[in-house]
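Q: Sharing a structure with you now.
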Amino acid sequence: FGAGSNQLTLGAKTFTEQQLLSEMTFHLLENEGYNVRQMSNLGSNVVRTALENGQVDLYWEYTGTALVSYMGEDPIADPDDAFAEVKRLDKENGIDWINVSDVNNTYTLLMRQEEADELGIETLSDLADYVNENPNTLSFGTDGEFANRPDGLPSVEETYDFAFGAGQLRQMDAGLIYEALYNEELNVGLGYETDPRIDQYDLIPLEDDQSVFPPYNVAVTINEDVLTEHPDIEVLTKELADKLDIEIMRQLNYEVDVEGQSVSIVAYNWLVENGLLE
Ligand code: PBE
């Protein structure tokens, strides 16, 4: 695998969107004669480290995740500037960024509409005020990454100047949070912007009025030597990145996470329907 062959290892994280992107990329590459191995279900730090040390050749990553979480930089509000900066900074790691898409999968904090209205919470600043006045009352559902990432809960609590009590945190798989909120097992929960279950369960995103979250546009991150040897990978993944937008991503996530279709069928059908695959 890696340099000197037509074999490629494609990485992906643990959630549906990542597995869809990986599966689509798999087909586009296999169709051109590459022999592709997929390594899915990896945490952010794990897949990133695998890319850095060459165990993974490419995977789809989010600009803000690299900029703030891996590189420890301050968030950059403009999506194009954020992409340019991660691309520039990652050169020294032998990693290239190509084909950034319009899909911005940012984090968001969610509540049920009714409870948010009752408690007078519309923004993250309102949430902070409420928690400061009523400590240890609201529970918060989060995945393990968000609870600890520098661009996650620690920076939300610092920017908005509040803290959930340790006993108020409920750590769970990100995909379970929406239904748990709906079932009133949580007061506040973490959401991913491209997840259709926000709408399905009538949840409202609290406004990030102090812009703590950076843009998280998804792009291909790839080992620079692999790209130099196989420049066609950029062409092959470009059409996909260009076509994707947040509505399409939500729809594809919906077909898997709500309708229960398999990732491989949803990914393959979309490529065929959109003329990316014969
Ligand atoms: N995100 C939102 C996370 C998960 C979903 C893109 C900020 C990430 O994988 O970095």
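The values are calculated or read from the model by the stated rules, or taken from the named source; none is laboratory data. All values reported here derive from a predicted model rather than from experimental measurement. Cβ placement follows ideal geometry from the backbone for every residue including glycine, while neighbour counts extend to all protein chains displayed. The area values use the complete protein model at the heavy-atom level, side chains included, leaving out ligands, DNA and RNA. Shrake-Rupley method; radii C 1.70, N 1.55, O 1.52, S 1.80 Å.
Q: With exposed (fewer than 15 other Cβ atoms within 10 Å of the Cβ), away from the ligand (no atom under 13 Å from the Cβ) and not β-branched (Val, Ile, Thr) as the only criterion, which of ASP78, ASP102, ASP96 stands out?
A: Just a single option satisfies the conditions, and that option is ASP78.
Q: Turning to a different aspect of this structure: Please tell me if VAL218 is under 21 Å from the mean Cα position of the chain (by Cα), over 24 Å from VAL47 (Cβ atoms) and either buried (at least 20 other Cβ atoms within 10 Å of the Cβ) or without any contact (Cβ under 8 Å) to a residue 12 or more places away in the chain (or both).
A: Judged against the criteria, VAL218 is not a match.
Q: Please indicate, with yes or no, whether at least one residue in the stretch 238-248 is under 16 Å from the mean Cα position of the chain (by Cα) and assigned to a loop (DSSP other than H, G, I, E, B). Spell out the reasoning first.
A: Initially, the stretch 238-248 is screened for residues under 16 Å from the mean Cα position of the chain (by Cα), giving 241, 244-248.
Imposing the further condition that a residue be assigned to a loop (DSSP other than H, G, I, E, B) reduces the set to 244-245.
Checked the stretch 238-248: at least one residue is under 16 Å from the mean Cα position of the chain (by Cα) and assigned to a loop (DSSP other than H, G, I, E, B).
Q: Continuing with the same structure: Would you pick out the residues in the stretch 11-57 that are of a type in the set (A, V, I, L, M, F, W, C) and either away from the ligand (no atom under 16 Å from the Cβ) or touching a Cys at 6+ places or on another chain (Cβ under 7 Å) (or both)?
A: Matches in the stretch 11-57: MET24, PHE26, LEU28, LEU29, VAL36.
Q: Then there is this: Hey, among the residues in the stretch 58-75 that are farther than 30 Å from TYR34 by Cβ and in contact (Cβ under 8 Å) with a residue 12 or more places away in the chain, which one's nearest to the ligand (Cβ to nearest atom)?
A: Checking each candidate, the answer is VAL68.
Q: Do we have ALA50 as part of a helix (DSSP H, G or I), surrounded by fewer than 23 Cβ atoms within 10 Å (Cβ to Cβ) and more than 13 Å from the chain's Cα centre (by Cα) here?
A: Numbers: part of a helix (DSSP H, G or I): yes; surrounded by fewer than 23 Cβ atoms within 10 Å (Cβ to Cβ): yes; more than 13 Å from the chain's Cα centre (by Cα): yes.
Yes, satisfied.
Q: Please go through the stretch 93-131 and pick out each residue that is among the acidic types (Asp, Glu) and touching a residue at least 60 places away in the same chain (Cβ under 8 Å). Step through it out loud before you land on a result.
A: Quick first cut of the stretch 93-131, residues among the acidic types (Asp, Glu) only: 96, 102, 114-115, 117-118, 122, 126, 129.
Selection gives ASP96, ASP102, GLU115, GLU122, ASP126.
Q: Starting from residues that are within 24 Å of GLY175 (Cα to Cα) and among the β-branched types (Val, Ile, Thr), keep the ones in the stretch 122-145 and report whichever is surrounded by the fewest Cβ atoms within 10 Å (Cβ to Cβ).
A: Let us first name the residues in the stretch 122-145 that are within 24 Å of GLY175 (Cα to Cα), namely 122-124, 127, 137-145.
After this cut, where a residue has to be among the β-branched types (Val, Ile, Thr) as well, the list is 123, 137, 142.
On the way: THR123: 15, THR137: 13, THR142: 23.
Across the stretch 122-145, the extreme among qualifying residues is THR137.
Q: Given the criterion among the basic types (Lys, Arg) and closer than 28 Å to ASN45 by Cβ, identify the matching residue among ARG112, ARG197.
A: Sole residue among the options that is among the basic types (Lys, Arg) and closer than 28 Å to ASN45 by Cβ: ARG197.
Q: Yes or no: ALA84 among the small types (Gly, Ala, Ser), out of contact with any Gly (no Cβ under 8 Å at 6 or more places or on another chain) and open to solvent by less than 10 Å² (accessible area, probe 1.4 Å)?
A: Here the answer is no, as ALA84 does not meet what is asked.
Q: Go through (1) in a loop (DSSP other than H, G, I, E, B); (2) surrounded by 20 or more Cβ atoms within 10 Å (Cβ to Cβ) and name the single condition ASN41 misses.
A: The single condition ASN41 does not satisfy is (2).
Q: If you take the residues of the stretch 150-163 that are open to solvent by less than 20 Å² (accessible area, probe 1.4 Å) and either more than 17 Å from the chain's Cα centre (by Cα) or not acidic (Asp, Glu) (or both), which of them is farthest from the ligand (Cβ to nearest atom)?
A: Here the answer is PHE162.
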